[in-house]
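No value in this document is a laboratory result; all are computed from the given coordinates. Note that the structure is predicted; figures quoted are calculated from it, not measured. Neighbour counts are summed over all protein chains in view; Cβ atoms, including those assigned to glycine, are modelled from backbone coordinates with ideal geometry.
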Amino acid sequence: MLSSDNQVRINQERINYYEKLLLQLRTTTTAQQYNVASAAYIAEINKLHNEIVHYLKTHPQEIIRASRSLVV
């Protein structure tokens, strides 16, 4: 779970990197190679995006409260 705006930016940068990589793979591989290679990148993009969405839909006070409850 993301806990800061900086982590959101890092995820956005990673998504951007993977998307650029996929654009390059689309033109340098066969359809079959692309389908195999792209699956893992697309899964990672979806995971990173879901983390961002979860962070954005959670109010900052909830994030602070959750992080405090993890500290024992």
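Taking a point 7 angstrom from the Cα of Thr28 along the C-beta vector, which residues in the range 34-59 have backbone N less than 18 Å away?
Taking a point 7 Å out along Cα→Cβ of Thr28, the residues of the range 34-59 whose backbone N falls under 18 Å are 34-42.
Which value, in debye to the nearest 20, describes the size of the charge dipole of the chain about its Cα centre when Lys and Arg Cβ atoms bear +1, Asp and Glu Cβ atoms bear -1, and nothing else is charged? Show your work: numbers first, answer last.
Details: 8 positive and 6 negative charges, 11 e Å.
So the dipole magnitude of the chain works out to roughly 60 debye.
Work out how much length Leu21 to Glu51 would gain on full extension: take 0.36 nm times their residue separation and subtract the Cα-Cα distance, in nm to one decimal.
Numbers: separation 30, 0.36 × 30 = 10.80 nm, distance 2.06 nm.
Fully extending the segment from Leu21 to Glu51 adds 8.7 nm.
Can you pull the semi-axes for the range 5-70, root of five times each eigenvalue of the Cα gyration tensor, sorted largest first, whole Å? The partial results should precede the final answer.
Working: eigenvalues 218, 23, 11 Å².
Value: 33, 11, 7 Å, ordered largest first.
Filter the DSSP H helices in the chain by two things, a Kyte-Doolittle mean of at least -1.0 and an axial alpha-carbon span of 30 angstrom or more, and list the hits by number.
Working: long enough: 5-28 (35 Å, -1.02); 31-56 (36 Å, -0.04).
Result, helices passing both filters: 31-56.
Which FRET efficiency value, to the nearest 0.05, do you get for Ala66 and Ala43 by plugging their Cβ-Cβ distance into 1/(1 + (r/R0)^6) with R0 = 30 Å?
0.70
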